[in-house]
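Below is one structure, written out as structure tokens; comments come after it.
The values are calculated or read from the model by the stated rules, or taken from the named source; none is laboratory data. No experiment lies behind these values; they were computed from the predicted model shown. In this analysis, Cβ positions are derived from the backbone assuming ideal geometry, glycine residues included, and neighbour counts consider all displayed protein chains. Areas reflect the complete protein model, heavy atoms only, side chains present, ligands, DNA and RNA absent. Shrake-Rupley method; radii C 1.70, N 1.55, O 1.52, S 1.80 Å.
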Amino acid sequence: MREELIKLVSVPTSTSGSEICKVVMQTFCDLSIDISKVVSVTTDGAPNMVGKKVGFVKLFTEGIGHPIVPFHCIIHQEALCAKAGFTDLNDLMSVVTKIVNLIAARPLHKREFSALLLEVDSTYSGLLMYNNVRWLSRGKVLERFVECFEEIKVFLEDKDLGNFPQLYDSKWVNNLMFFTDLSVHINELNLKLQGFGKSIDVMFGYIKAFESKLKIFKRDVETKTYKYFPRVTKYFEKASAAVQNKMEPLHIKYQHVLDSLLDQFSDRFNQFRSLEQTMKIIKYPDVVVYSSLELNGFLWIQIDDLEMQLAEFQDSIWAQVFVDLRSKLENLERCRLENQEECHYEQEIWSAWNRLPDTFITLKNIAMALLTIFPSTYFCETLFSALNNIKTNKRNRLTDELSSACLGLKCTKYQPSIEHLANEIQQQKSH
């Protein structure tokens, strides 16, 4: 799967679903792109995109003329799960944010606190500001706050910056440690979901694995082991016997938090769950069972003979292609985990499917359709970030054409051969 920017286009008036659809359809027409081959659309779940009557997906589907598979970005859904499952974290986070703002938002306090961290040989040089837009920011702020917890208490006392009794409340601090540990686990999932070239089965695999981890975390809390919550364990071990008894009932609260997270994860990702068995075609066409496939969104591809082709394929020599593919992917994953080299799984998968003869054309078409699905809007988000850096308030006169050109240069993977280009240019000799 390759992510490519087709064109950067401005919406002339409003950002309603009808206006966006009109611009997209016109752009495809201008570029002579056959929209009838579009398989799916992935959005951020905004009302103007997924509205039942005048949402972009609805209008775009009507314009294409056949059903498509709509997806809500898997990263957005993961962030929503964390936000909804962590309602108990809001009060705690408000206190942390106030303290961070007191220290980091004022230049003098920020410099003095950095000097304090330097004196105690801290790994960090300061605190991180909290950004409510992305969950990853919240987790990073909590992690840094906990690592500098003792220094923060000393600094607030010395500078008399306010009264925060929560910092001396064992229950509050224990909650801080628990939510920080859990946030670290969620951040790990978030980082795995980011990046380019990840097919739909890989992305959903991360979600299913995390759901299994949540069940392990819950069992860990129920048994009061806290093996996967190292900050909670460390704080509990340092606390006195009286404080430990005070913190003992908190495990019930933590179970409710994990139950809430589990409910959020089970209620979402329904579009991905419905295609879970169908996704196996990408890497396991030699063992997939036809009766388990969900093909309603792909009927327009003309898949009447898919069952026959699948049966013929699974009993042919071509099935060995995917046994070899999985072996290659295992080696690539091992290299990735050992940081030996950059891995390009998608290239190996495309190569395997392209090796099959056209005898299995329907099977190939289904696989190609699945491989072209974008599980997330990560590519678009990176473009927005790049555009924010390009079109700042100091460069507000950039036209749409220039902005598009700058963005193309920023995001391209093309590496020009400077030496070759220089050799083709005649040198200017002095007279």
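Placing unit charges on the Cβ atoms only, positive for Lys and Arg and negative for Asp and Glu, gives the chain a dipole magnitude near 1180 debye about its Cα centre.
Global dimensions of the range 208-319 from alpha-carbon coordinates: Rg and Dmax equal 23.3, 71 Å.
Between F28, F217, F272, the GNM of the chain built on Cα springs shorter than 10 angstrom shows F28 fluctuating the most. Here the accessible area is traced with a 1.4 Å probe on the protein chains. For the range 293-362, carbon and sulfur cover 46 percent of it. Pairwise Cα distances in the range 133-270 exceed 28 Å in 27 percent of cases.
The fraction of accessible area contributed by carbon and sulfur in the range 210-279 is 52 percent, rounded to a whole number (1.4 Å probe; ligands and nucleic acids excluded). Bridging of K234 to lysines at a Cα separation below 23 Å is possible for K140, K153, K171, K213, K215, K218, K224, K246, K253, once same-chain residues fewer than 8 apart are set aside. Which of the aspartates and glutamates could a cross-linker bridge to K328, judged by Cα under 19 Å and excluding same-chain residues fewer than eight apart? Result set, ordered by chain and number: D201, D286, E338, E341, E342, E346, E348.
Of the solvent-accessible surface of the range 72-111, computed with a 1.4 Å probe and all protein chains present, 55% belongs to carbon and sulfur. Of the three principal axes defined by the Cα atoms of the chain, the extents in descending order read 76, 74, 49 Å. Comparing F179, F149, F265 in a Gaussian network model of the chain, where Cα atoms under 10 Å apart are tied by springs, the biggest mean-square fluctuation is seen for F149.
Accessible surface computed residue by residue for the chain, with neighbouring protein chains in place and a 1.4 Å probe, gives 57 Å² per residue.
Rounded to whole numbers, the Karplus 3J(HN,Hα) couplings from phi for the range 12-24 are x, 10, 7, 9, 6, x, 5, 5, 4, 4, 4, 5, 5 Hz, using 6.51 cos²θ - 1.76 cosθ + 1.60 with θ = phi - 60°, and x at Gly and Pro.
Skipping prolines and chain starts, which residues have an amide H placed within reach, meaning under 5 Å, of the one on F71, given they are 5 or more residues away or on another chain? Residues meeting the criterion, in which the H sits 1.01 Å from N, are V41, T42, T43. Take every pair of alpha-carbon atoms less than 8 Å apart whose residues are at least six positions apart; their mean separation over the length of the range 26-116 yields a relative contact order of 20 percent. The range 10-68 and the range 229-267 have their alpha-carbon centroids 46 Å apart.
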